[in-house]
1. Let a ≥ b ≥ c be the square roots of the eigenvalues of the Cα gyration tensor of segment 90-134; is it rounded (a/c under 1.5), or, if not, prolate (a/b larger than b/c) or oblate?
2. Report the normalised scattering of the chain as log10 I(q)/I(0) at q = 0.16, 0.21 Å⁻¹, calculated by the Debye formula with identical scatterers on the alpha carbons.
3. Okay, helix-only estimate at 222 nm for the chain: each DSSP H run of n ≥ 4 adds -39500 (n - 2.57), divide by all residues, round to 500 deg cm²/dmol; what do you get?
4. State the answer as a single residue: which of Phe3, Pro99, Val84 lies farthest towards the positive end of the charge dipole of the chain, with beta carbon charges of +1 for Lys and Arg and -1 for Asp and Glu, about the Cα centre.
5. Kindly rank 60-69, 90-99 from highest to lowest mean number of other beta carbons found within 10 Å of each residue.
6. Using a/c under 1.5 as the rounded threshold, could you call segment 56-106 rounded, prolate or oblate? The axes a ≥ b ≥ c are square roots of the C-alpha gyration tensor eigenvalues, and prolate needs a/b larger than b/c, oblate otherwise.
7. Can you tally the net charge around Asp71? Count Lys and Arg as +1, Asp and Glu as -1, for every other residue whose Cβ sits under 15 Å from the Cβ of Asp71.
8. So what is the relative contact order for segment 1-84, in percent, with contacts set as C-alpha pairs under 8 Å and at least six apart?
Amino acid sequence: MKFPVVLHKDAESHYGISIPDVPGCFSAGASAAQALDNVLEALALHFEGLVADGDPLPQAQAIDAHIDNPDYAGGVWAVVEFDVTPYLGKSVRFNATLPENLLLRIDEKVNKDRRYASRSGFLATAALRELSVA
């Protein structure tokens with residue numbers, strides 16, 4: 001899932017990152033690159049806590065949903081890819097029937113795109129994208 005983040009820096013401070021769709025989750029680093037790297041660890045820890053507490057997982061929105069929020073004025077927007085599937089619960093095997101040509105296209109995409117480890121990963125990502133839009 002792609003989460004918009006806001007990079008900000010005050011004088012004589014490290015770079016900070018806010019994640020508008022994940023209240024209470026922040027990250028920082030000595031450089032902008034380090035802060036962006038650290039945000040993935042912050043998201044993982046935050047999601048682990050949400051799961052442990054039985055709280056719902058946040059859904060990412062587009063940057064446009066937050067761009068006019070004065071809390072983020074002067075910040076630099078970025079998007080980070082965060083895999084939420086480990087926090088969705090135990091995997092369940094099921095059978096699915098798809099047209100052959102569609103399955104071939106999925107396999108081609110999986111083989112070309114490092115984001116997907118398998119057909120299942122691709123289908124889970126597509127399902128999450130569709131469900132977050134609904």
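1. Rounded.
2. The calculated log intensity ratios at q = 0.16, 0.21 Å⁻¹ are -0.92, -1.28.
3. -12500 deg cm²/dmol
4. Pro99
5. 60-69, 90-99
6. Numbers: a/c = 3.81, a/b = 2.10, b/c = 1.81.
In terms of gyration-tensor shape, prolate.
7. Numbers: positive: none; negative: Asp10, Asp21, Asp68.
Overall, the nearby charge balance is -3.
8. On the way: 125 pairs, mean separation 34.0, N = 84.
Answer for segment 1-84 is 40 percent.
No value in this document is a laboratory result; all are computed from the given coordinates. Quantities reported herein were computed from a predicted structural model and do not represent experimental measurements. We place every Cβ from the backbone using ideal geometry, glycine too, and count neighbours over all the protein chains shown.
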